[in-house]
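See structure below.
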Amino acid sequence: MRRNDSDVDVTVVRDEINIPFVETTYENDIAVIELSRFGEPTNELWDKTVNELLAKKAQGRLKGIVLDMRGNPGGYLDGAIHVATEFLPARELIVKQEYADREPEKYFAKRDGKLQNIPMVILLNQGSASASEIVAGALRDHKKAKIVGENSFGKGTVQQALDLKDNAGIHVTISKWILPGGSWIQETGIKPDVEVKLDIKDGNTMRREDDAQLDKAIELLKSSVSNALYAPVYL
């Protein structure tokens, strides 16, 4: 390669880059959970995260949760149901799948969620699609979370993968999914409650100090916690 008008030899080693599906950091007593995909290991990693959060809560060191699903392209429906369940009472509707040739299927919270009473904000952007939109839309419709960021992608259909001859394949749309409030977000996406755009120069990697969306989410959580502490008590 060439750098500063000089040739530089660089050794490049090919390797597999493993991006964690679920990763948690903390901003004081606010947990920031980055959920990057709903894949095969998501449920197991999510359960470990929940146990960690419950331990923090028992110690009085958890006041709010930011669920960061920016850039999450989706994945397994089962993963979306598993994650959304943790913030809802048992049997609350999470999503409905509608078909052209048979009765719709409804998916409900599997049990009482362990995190349902913790203030929460969800981060979305244009890269948030499919399963991430199901989680965000369900929690928004049940008034369990505010959404901050930018309009999501808008994928409201379900595909089935079919194998063809000669190692070919095709994805066929078999249904559309509807949020608990009745909306179908195909091509329209989910509009945030608080729109915040990022001002990142082309080619630059976002640094924490540039993340105005996360700043706003934390600000909303701190305000929510403060209002709860000083809410009037009627006897």
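Just so you know, all these numbers are worked out from the coordinates, no wet-lab data involved. If you're wondering where the values come from, they're calculated on a predicted model, not measured in any experiment. Neighbour counts are summed over all protein chains in view; Cβ atoms, including those assigned to glycine, are modelled from backbone coordinates with ideal geometry.
Within segment 126-149, can you find the residues that are over 17 Å from I94 (Cα atoms) and buried (at least 22 other Cβ atoms within 10 Å of the Cβ)?
Hits for segment 126-149 are S128, V148, G149.
For residues in segment 130-163 being assigned to a helix (DSSP H, G or I) and among the acidic types (D, E), which is farthest from V225 (Cα to Cα)?
Only one residue fits best here, namely E133.
Given the criterion more than 17 Å from Q213 (Cβ to Cβ), surrounded by fewer than 19 Cβ atoms within 10 Å (Cβ to Cβ), among the aliphatic types (A, V, I, L, M) and touching a residue at least 24 places away in the same chain (Cβ under 8 Å), identify the matching residue among I170, I174.
Of the residues listed, the single one that is more than 17 Å from Q213 (Cβ to Cβ), surrounded by fewer than 19 Cβ atoms within 10 Å (Cβ to Cβ), among the aliphatic types (A, V, I, L, M) and touching a residue at least 24 places away in the same chain (Cβ under 8 Å) is I174.
Does A31 satisfy the criteria of being of a type in the set (A, V, I, L, M), surrounded by 14 or more Cβ atoms within 10 Å (Cβ to Cβ) and over 25 Å from L179 (Cα atoms)?
When the stated conditions are applied, A31 passes them.
When you go through W177, W184 one by one, which is the residue that is among the hydrophobic types (A, V, I, L, M, F, W, C) and not in a strand (DSSP E or B)?
Going through W177, W184 in turn, the sole match is W184.
From the list L62, L54, L67, pick out the single residue that is in contact (Cβ under 8 Å) with a residue 12 or more places away in the chain and in a helix (DSSP H, G or I).
L54
Please verify whether segment 75-98 includes one or more residues that are buried (at least 18 other Cβ atoms within 10 Å of the Cβ), under 20 Å from F38 (Cα atoms) and among the aromatic types (F, W, Y).
Looking through segment 75-98, at least one residue is buried (at least 18 other Cβ atoms within 10 Å of the Cβ), under 20 Å from F38 (Cα atoms) and among the aromatic types (F, W, Y).
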